[in-house]
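Reviewing the structure listed below.
The values are calculated or read from the model by the stated rules, or taken from the named source; none is laboratory data. Please read all numbers here as calculations on a predicted model, not as lab measurements. Counting neighbours? That spans all protein chains shown, and the Cβs are built from the backbone with ideal geometry, glycine included.
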Amino acid sequence: MQTAKILKPMLFVLMCLGIVGEPCLAIDMPEMFYGDDTYGRPFAKDPDVVKFRGGYYMYYSVRMQKGYAVGIARSTDLIEWKKAGELLPGEGCDKNGLAAPAAIILDNMVHLFYQSYGNGPKDAICHAMSEDGLNFGRNPSNPIFRASGEWNCGRAIDADVIVRGDSVLLYWATRDPDARSFVSPAGLRLRCGQVDSAL
C-alpha cells in the first residue's frame, strides 16, 4: 500500500519530465492573464475594462513602492495587454494614493471614479476625465463623495458607476463605525459577501 502511494506521484513526475510515457500537458492558464510588474511582483487589482476608440482600456490598482496608483493597459483583442500609463497620486485628497478605479464612457470621454487611499476614515471617492483614455484631468471639486452618518466609519471606497435612464448612479462601499465589517446605507451588515442581518 505504501509503495503505491509513493510510486504514483513519482510516475507522474517522471511523465511530466518526459522520461516515462507521455509528457504532461502545460498547466491550463486563462487566455487573458495580466500583471503589472512595474514595481516588482506582478500586480493588477480591481480591474475595470471599457471599450474606447477602437480598443480596450483596463484600469486597475497597482501597488507602488509606497501606496497605490491606477495603472492603465491597452488591448485590441481583450487577451494581449500592454501597459500604457498610470494615474499617480496628486496633490489633493489622493496625495497618499488612489485605487479601485471604475471607468465609464460618457460624451466620448473616459470618466474614472476611484477612491483616495491611505487616509483611513477620510478616504473618499474622486473623479478624473480623459479625452484619450490615458491622460487624465482631475475634477477640481474632488473628492466628489464622502461617506457620512453615524452608521459608517466615514470611509467611501470601491466605487462603481452605471447609467440608468438620464442619470449616472454611483455605487460605493464603506464599513461600520468600528471599521470592522462592510455596511450598506440600508443598514445591512455584510461579511464575506453575505448579508448577516439588519443593524
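Give me the strands (runs of 3 or more DSSP E) completely within region 28-85, filtered to those with at least 3 residues that are farther than 19 Å from N135 by Cβ, ordered by residue number. Give the steps one after another, and end with the answer.
On the way: elements: 45-52, 55-63, 68-75.
Those strands (runs of 3 or more DSSP E) span 45-52.
Please find, among M64, M15, M29, M10, the residue that is surrounded by 15 or more Cβ atoms within 10 Å (Cβ to Cβ) and either of a type outside the set (S, T, Y) or modelled with pLDDT of 95 or more (or both).
Details: M15 fails: surrounded by 15 or more Cβ atoms within 10 Å (Cβ to Cβ); M29 fails: surrounded by 15 or more Cβ atoms within 10 Å (Cβ to Cβ); M10 fails: surrounded by 15 or more Cβ atoms within 10 Å (Cβ to Cβ).
Only one candidate qualifies: M64.
Restricting to region 159-197, count the residues that are in a loop (DSSP other than H, G, I, E, B), at pLDDT 50 or above and of a type outside the set (K, R). Write out each step before concluding.
Of all residues in region 159-197, those in a loop (DSSP other than H, G, I, E, B) come to 165-166, 176-181, 184-187, 192-193.
Within this subset, residues satisfying the condition of being at pLDDT 50 or above are 165-166, 176-181, 184-186.
Filter once more, so that each one left must be of a type outside the set (K, R): 165-166, 176-179, 181, 184-186.
Looking only at that region, the number is 10.
Using the structure shown, decide if G92 is part of a loop (DSSP other than H, G, I, E, B) and within 22 Å of A156 (Cα to Cα).
On the way: part of a loop (DSSP other than H, G, I, E, B): yes; within 22 Å of A156 (Cα to Cα): yes.
Answer is yes for this residue.
Would you check if there is a residue in region 105-118 being within 25 Å of Y34 (Cα to Cα), β-branched (V, I, T), in contact with a Gly (Cβ under 7 Å, 6 or more places away or on another chain) and not in a strand (DSSP E or B)?
Looking for residues that are within 25 Å of Y34 (Cα to Cα), β-branched (V, I, T), in contact with a Gly (Cβ under 7 Å, 6 or more places away or on another chain) and not in a strand (DSSP E or B), one finds none in region 105-118, hence no.
Taking region 38-67 as the region of interest, how many residues are hydroxyl-bearing (S, T, Y) and either under 11 Å from the mean Cα position of the chain (by Cα) or outside the structural domain of A99 (by TED's automatic domain parsing) (or both)?
Within region 38-67, the first condition is being hydroxyl-bearing (S, T, Y), and the residues that meet it are 38-39, 56-57, 59-61.
Among the residues that remain, those that are also either under 11 Å from the mean Cα position of the chain (by Cα) or outside the structural domain of A99 (by TED's automatic domain parsing) (or both) are: 59-61.
Here the count works out to 3.
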